[in-house]
Amino acid sequence: MAESVWIPDSWRSKPIKQDVVYDDPKELEAVVGRVANLPPLVSSREIDRLRAQLRDVAEGRAFMLQGGDCAESFDYCNPAAIEDKLK
């Protein structure tokens with residue numbers, strides 16, 4: 001299977017299924033600009049490791065246990081809250 005090339009703006013070409021209307025487009029643009037200049041959330045080494053682990057799952061050499069809520073609020077996106085869910 002051929003992998004498609006990912007670029008940061010690729011999400012803009014996807015169909016909008018749940019649209020959000022922002023009150024202030026200029027503020028949105030400013031926030032997107034700030035976020036674009038932040039360091040990555042994960043390193044390329046972590047991505048490569050996850051791909052290898054998922055390959056092992058797909059090939060039956062490992063299993064994956066996935067946890068999480070359907071609709072998590074940003075308030076719960078912190079290490080302590082995530083660790084509490086895994087206990």
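Values quoted throughout were computed directly from the atomic coordinates according to the rules given, and no laboratory measurement underlies them. Worth saying up front: this structure is predicted, and the values here are computed from it rather than measured. Cβ atoms come from the backbone with ideal geometry, glycine included; neighbour counts cover every protein chain shown.
Couple of notes before you dig in:
- Most mobile of ASP75, ASP23, ASP48 in a GNM of the chain (Cα contacts under 10 Å): ASP75
- When only the Cβ of Lys, Arg, Asp and Glu is charged (+1, +1, -1, -1), the dipole of the chain relative to its Cα centre reaches about 400 debye.
- With the helix formula -39500 (n - 2.57) applied to DSSP H stretches of n ≥ 4, the chain reaches a computed 222 nm mean residue ellipticity of -12500 deg cm²/dmol.
- Extension gain for GLN53 to ILE7 (0.36 nm times residue separation, less C-alpha to C-alpha distance): 14.3 nm.
- The region of the chain that goes longest without hitting one of the GluC sites (Glu not before Pro) in a DSSP loop, each with at most 11 other Cβ atoms within 10 Å, is 4-58.
- Theoretical gain in end-to-end length, VAL42 to LYS17 [0.36 nm per residue, Cα-Cα removed]: 6.3 nm
- q = 0.11, 0.24 Å⁻¹, the chain: log10 I(q)/I(0) [Debye, one scatterer per Cα]: -0.55, -1.32
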